[in-house]
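Some notes on the structure that comes next.
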Amino acid sequence: PEETVTSSFASFIHGVQPKHLSKAVCHRSKRMILDSIGVGLVGSRTHVFNTALQYCRELYSSAAVSSVYGKPGVKLSPTLAAFTNGVATHSMDFDDTWHPATHPSGAVLPALLAASQMLPPSTKPSGLDFLLAFNVGVEVQGRLMHFSSEAHNIPKRFHPPSVVGTMGSAAATAKLLSLSPAQCTHALGIAASFAGAPMANAATQAKPLHMGNATRLGLEAALLAARGMEANPFILDDIPGCSGFSAFYSVYEPKPLTVPSDHHEFLLEKQDIAFKRFPAHLGMHWVVDAALSVRNLFINYAGSFSPSLIRTIVLKVPVSKYINRPSPSSEHEARHSFQFNACAALLDGEVGLSSFTENSIHRQELRELLDKVVVEHPEDNVANFDKMYGEVALLLHSGDVLTGKCDTFYGHWRNPLSRESLLKKFQSNASYVLSDEKIDAIIAMVDNLENLSDSSQL
């Protein structure tokens, strides 16, 4: 039969080989893996993670072979381990972000970690197998997001990891399990039926479940396909009158994914990843850096940061309803509030893990600053992580105006974190769970992942 978009993706998943991974792709993807593990470890200390873990331990106990972040000795079935670890990864909104917008690592890595422990000793995937499968999952997510111009903007309808992440998890697991092209096709089709979560649940405890479900359900889709479950073999194609993956986009123009021959240029080689310096929605990183910039100007102006001298705080940000929150009342709302993050940065000179505790959120001095905030949406400030900017202006009672602006924050794909900064973030996150010795061992293992004989050691 004539090749379709769907079959081209299946052929790619089946046919891509380790030799197609360039040095740049290996380097960038190992940074992603290390960061995602650290984010998952610190996320294992959150309320939403513990709720999800308790649910899984109480309701399901069979086939408990896969490890759980931050819980030595605790094992669950592979799919539930993937679920809880996915929840941990996104529990603080601290995980990596790509463009078009999604969180690629958290949807793929937990599924691969769980699956690698599930397989019998005689068929354990190597570290290079693991690295290739991870990149397949990331590549499929990126390719799918390029099927629609809608995906380039900050999302409004559905949370992207719940859709493309589920597909990426299925593709990555299918590769790790060495499924046939037909099975890969069905894994994608099954995953599409599992996909989707509305943006209305952003800034709530339900949002981390989107990541947990994406990585779990993608794994389940691949396992079902391996056992003979079938789905629509045209799921990625644009079939008039019968929506497949196009159900998620009003504008949908799918393109085949070429089966690699001697060379394949992964999207990760052309488009790097953004790593977050603090646990909040990516859009917050622009306003925080802008706020820190104007705070330094204010201290040079007044000698110290004195909120009483400020009449109005003007934020110039893109239009995005779910991250425009004037008075957040919970940690999850605070992580999704332009106003809160700007004011926290102004007041404290930094934003970090402690910024989102209940005591920090409800401080009187912070609430007084929030009351001074006015939000503006300039026409040139578009809701797009590759084009937006953040601007914070302080209108003083004296009549003076001080302004800070950020076009590209440190950690953005145009200004990537140094190795030193990435390691510092990982070490800080992992220290909530692991000893220095184990932290160093994980760093060394990820650095040399392509030489690891058994990826389940990770």
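The values are calculated or read from the model by the stated rules, or taken from the named source; none is laboratory data. This is a predicted model, so every value here is computed, not measured. Using ideal geometry, Cβ is built from the backbone for each residue, glycine included, and neighbour counts are taken over all protein chains shown. Accessible surface is based on the protein model in full, side chains and every heavy atom, while ligands, DNA and RNA are left aside. Shrake-Rupley method; radii C 1.70, N 1.55, O 1.52, S 1.80 Å.
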Completion exercise
Once phi for every residue in segment 7-14 is put through the Karplus expression 6.51 cos²θ - 1.76 cosθ + 1.60 (θ = phi - 60°), the whole-Hz ³J(HN,Hα) values, with Gly and Pro written as x, are 5, 5, 5, 4, 5, 5, 4, 6
Handout entry: For peptides 297-306, 225-234, 175-184, 83-92, sequence by mean Cβ density within 10 Å, most packed first
Key = 83-92, 175-184, 225-234, 297-306
Problem - Bins of 5 Å, starting at 0 and running to the largest distance - Cα pair percent for segment 49-138 - result: 3, 14, 22, 23, 18, 13, 6, 1
Completion exercise
FRET efficiency (Thr357, Asp440; Cβ distance; R0 30 Å; to 0.05) is 0.55
Exercise for the section: Would you calculate the separation in nanometres between label points at Tyr301 and Ser330, each defined as 7 Å from the Cα along the Cα-to-beta-carbon direction? Expected result: 3.7
Exercise for the section: Find the all-direction average of the projected area of the Cα convex hull for segment 194-328, expressing the result in square nanometres with one decimal place. Expected result: 14.0
Completion exercise
Cα-based Rg then Dmax for segment 351-458, in Å, read 20.8, 67
Practice task
Mind listing the long-range amide H neighbours of Val319? Cut-off is under 5 Å, sequence gap 5 or more, other chains count too, H placed in the peptide plane at 1.01 Å from N.
Solution key: Ala383
Practice task
Pull out the extension gain between Glu450 and Gln17, defined as 0.36 nm times the separation in residues minus the alpha carbon to alpha carbon distance; nm, one decimal.
Solution key: 154.6 nm
Exercise for the section: Compute the normalised compactness of segment 117-271: alpha-carbon radius of gyration over 2.2 N^0.38 Å, N being the residue count. Expected result: 1.04
Problem - Accessible carbon and sulfur surface of the chain relative to its total accessible area, %, 1.4 Å - result: 50
Practice task
Pop out the ³J(HN,Hα) list for segment 298-303 in order, Karplus 6.51 cos²θ - 1.76 cosθ + 1.60 with θ = phi - 60°, rounded to Hz; leave Gly and Pro as x.
Solution key: 5, 5, 5, 6, 10, x
Problem - Surrounding net charge for Leu119, when Lys and Arg each add one and Asp and Glu each subtract one, Cβ distance under 11 Å - result: -1
Exercise for the section: Rounding to the nearest 20 debye, state how big the charge dipole of the chain is about its Cα centre with +1 on each Lys and Arg Cβ and -1 on each Asp and Glu Cβ. Expected result: 620
Problem - Largest to smallest accessible area among Glu150, Glu391, Glu358 [probe 1.4 Å] - result: Glu358, Glu150, Glu391
Problem - Environment charge of Leu257, counting only residues whose C-beta is closer than 11 Å and scoring Lys/Arg +1, Asp/Glu -1 - result: 0
Completion exercise
In whole µm²/s, the translational diffusion coefficient that Stokes-Einstein assigns to the chain, given a Kirkwood hydrodynamic radius over C-alpha pairs, 10 °C and 1.306 mPa s, equals 71
Handout entry: Amide proton proximity set for Val373, modelled H, under 5 Å, gap of 5+
Key = Ile313
Fill in the blank from the handout: Stretched fully, the stretch from Glu3 through Asp386 gains (0.36 nm per residue minus C-alpha distance, one decimal, in nm) 134.5 nm
Problem - Candidate residues Lys23, Lys405: accessible-area rank, largest first, probe 1.4 Å - result: Lys23, Lys405
Problem - Share of Cα-Cα pairs in segment 95-191 lying beyond 19 Å, as whole percent - result: 40
Exercise for the section: Please name whichever of Val373, Met118, Phe134 sits farthest to the positive end of the charge dipole of the chain, dipole taken about the Cα centre and charges placed at Cβ: Lys and Arg +1, Asp and Glu -1. Expected result: Met118
Problem - Those residues of segment 27-58 whose amide nitrogen sits under 11 Å from the label point placed on Tyr432, 7 Å along Cα→Cβ - result: 38-50
Problem - Per residue accessible area in Å² of the chain, where ligands, DNA and RNA are left out and the probe is 1.4 Å - result: 39
Practice task
Taking the dipole about the Cα centre of the chain, with the C-beta of Lys and Arg at +1 and of Asp and Glu at -1, give me whichever of Ser320, Ala63, Gln339 is farthest to the positive side.
Solution key: Ala63
Completion exercise
Calc'd 3J(HN,Hα), segment 348-362, phi into Karplus 6.51 cos²θ - 1.76 cosθ + 1.60 (θ = phi - 60°), Hz, glycine/Pro = x, comes to 9, x, 6, 10, x, 4, 6, 5, 10, 6, 4, 5, 5, 5, 9
Handout entry: Rounded to 5, the percent of DSSP beta bridges in segment 300-457 classed as antiparallel
Key = 75
Fill in the blank from the handout: Taking only protein heavy atoms and a 1.4 Å probe, the highest-to-lowest accessible-area order of Asp447, Asp272 is Asp447, Asp272
Problem - Cα gyration tensor of segment 282-406 - equivalent ellipsoid semi-axes, whole Å, descending - result: 20, 18, 12
